[in-house]
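Heads up, the thing below is written out as structure tokens.
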Amino acid sequence: MYSKNHSMAAVDDKIPKLFLGKQSLRGCCLGGITWFGFGRISPFIKYFVSTGKKEFRNGDAEYLKASPEIMEKVQEAVGKITPPGKYLIISPLEEMEEDYDVKSVLCFGSGEQIRNLCSLIHFRLEDPFKSIIAPFGPSCATFVTYPAGMSEKAPKNTAFIGPVDPTGNSWFPTNYMALGIPIDMARDICNDLDDSFATKRPEVAYHDIRNDIKP
């Protein structure tokens with residue numbers, strides 16, 4: 001499962017860059033292949049994601065959508081998925097070279113860290129509603145496909161928070177979230193650090209004394 005490899009690479013320095021292309025699909029799940037644009041979406045996926053169909057995987061289903069028809073509409077809304085080039089490369093930022101055509105940045109963090117990043121995204125933007133969204137899709141779509149601009153109809157200049165795919169709960173840490181950020185938006189965050197609360201009021205971003213909500 002490629003989405004799991006993303007999170008593993010983020011915490012393990014021994015894992016090298018991840019390369020994906022039509023000639024290097026081994027170890028990648030069917031969902032990753034299609035949501036990265038290296039394969040066609042099976043016509044039976046709409047059944048598997050929703051209520052199942054006896055002719056496909058003996059009727060196994062994920063029940064993530066109420067009906068196959070709704071999933072068809074989702075696929076139409078996503079549009080064509082196109083890889084950024086011959087290969088899709090996922091790498092830690094410190095290993096990036098200057099000539100890399102970086103499309104997006106993926107951040108994993110605690111709830112507090114992701115909240116702070118979201119606030120930094122809003123720092124220079126006027127629209128309070130469309131800058132950050134939590135769209136439907138597999139983990140790899142939240143991590144890469146949407147923020148990297150590979151989805152034909154995904155909104156531009158938008159960060160994607162999630163994942164909202166519960167099938168990844170077996171490996172994604174329970175107290176973490178992910179934030180996929182288009183590269184221009186990520187650069188704005190870096191440029192705004194000195195003028196924002198993150199630098200001018202760090203005690204707000206990370207409190208020493210907390211009044212935690214008790215369950």
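Values quoted throughout were computed directly from the atomic coordinates according to the rules given, and no laboratory measurement underlies them. These numbers come from a predicted model, not from an experiment. Cβ placement follows ideal geometry from the backbone for every residue including glycine, while neighbour counts extend to all protein chains displayed.
Which is closer than 20 Å to residue 103 by Cα and not aromatic (Phe, Trp, Tyr), of 200, 153? None of the other options fit; the residue is 153. Restricting attention to the stretch 121-137, report how many residues are among the aliphatic types (A, V, I, L, M), under 16 Å from the mean Cα position of the chain (by Cα) and part of a loop (DSSP other than H, G, I, E, B). Result for the stretch 121-137: 1.
Just one of the listed residues (69, 55) is among the charged types (D, E, K, R) and either in contact with a Phe, Trp or Tyr (Cβ under 9 Å, 6 or more places away or on another chain) or touching a residue at least 24 places away in the same chain (Cβ under 8 Å) (or both), and it is 55.
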